[in-house]
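**Student:** This is the structure I have questions about; it appears just below.
Bear in mind these aren't lab numbers, they're just calculated from the coordinates by the rules spelled out. Nothing here was measured: the structure is a model prediction, and the numbers come from that model.
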Amino acid sequence: VTSTEAIGAACPICAKHRGTGPLAGGPLIWHDEHVLVFHRPPDATGRAFLGYLFIESRRHVPVLDQLTDAEAAAVGQAAARAARAIRQVLHPEYVFAAIVGRGVAHFHQHVFARHRGTPDEFDWMTGDRWGGAPYGDAAELDALAERLRPHFPA
Ligand SMILES: [Zn+2]
């Protein structure tokens, strides 16, 4: 067992890629050999902010600067496609992308909508707290995933 595998065994994103753990539950939109693209899962209320995707490295690697060139290229292409998909399907005011990594030490990039009408008092990180923001249940997430998926390569 390598150290990467040992770390990955306890990692919630690695667990999610196996279909288990606390972060599982959002529909898988797309994947290739380097990355997986998921929609954010429903929260404790059973609903999720619509148009919030995660680009995740398949390999357990904690931070952006440890991606291989091939992984970085795959992440960049997937993020751009995710942004295009969100824009074309949901017609938001903006699509934001962020790499932070303070919460879970497995590379993931956030790509998410700022929906039209979001008041200025909600900054780029808090548009999902606006009461008018669109949320959907698991069935609505699956339907949205179906509409986003054609914007990725077959
Ligand atoms: Zn991991």
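**Student:** Counting only helical runs of four or more DSSP H residues, what would the 222 nm mean residue ellipticity of the chain come to if each run contributes -39,500 (n - 2.57) and the total is spread over all its residues?
**Tutor:** Rounded to the nearest 500, it is -9000 deg cm²/dmol.
**Student:** A follow-up question, please. Could you give each residue of the stretch 129-134 its phi-based ³J(HN,Hα) in whole Hz, using Karplus coefficients 6.51, -1.76, 1.60 with θ = phi - 60°, and x for Gly or Pro?
**Tutor:** Those phi angles translate into 8, 5, x, x, 5, x Hz.
**Student:** Two-decimal Rg/Rh of the chain from alpha-carbon positions, Kirkwood Rh?
**Tutor:** Result for the chain is an Rg/Rh of 0.96.
**Student:** Please compute one quarter of the surface area of the Cα convex hull for the stretch 53-103 and express it in square nanometres.
**Tutor:** It is 4.0 nm².
**Student:** Here's a follow-up. Find the centroid of the Cα atoms in the stretch 115-154 and in the stretch 17-57, then give the distance between the two in whole Å.
**Tutor:** If we compute the Cα centre of each part, the gap is 13 Å.
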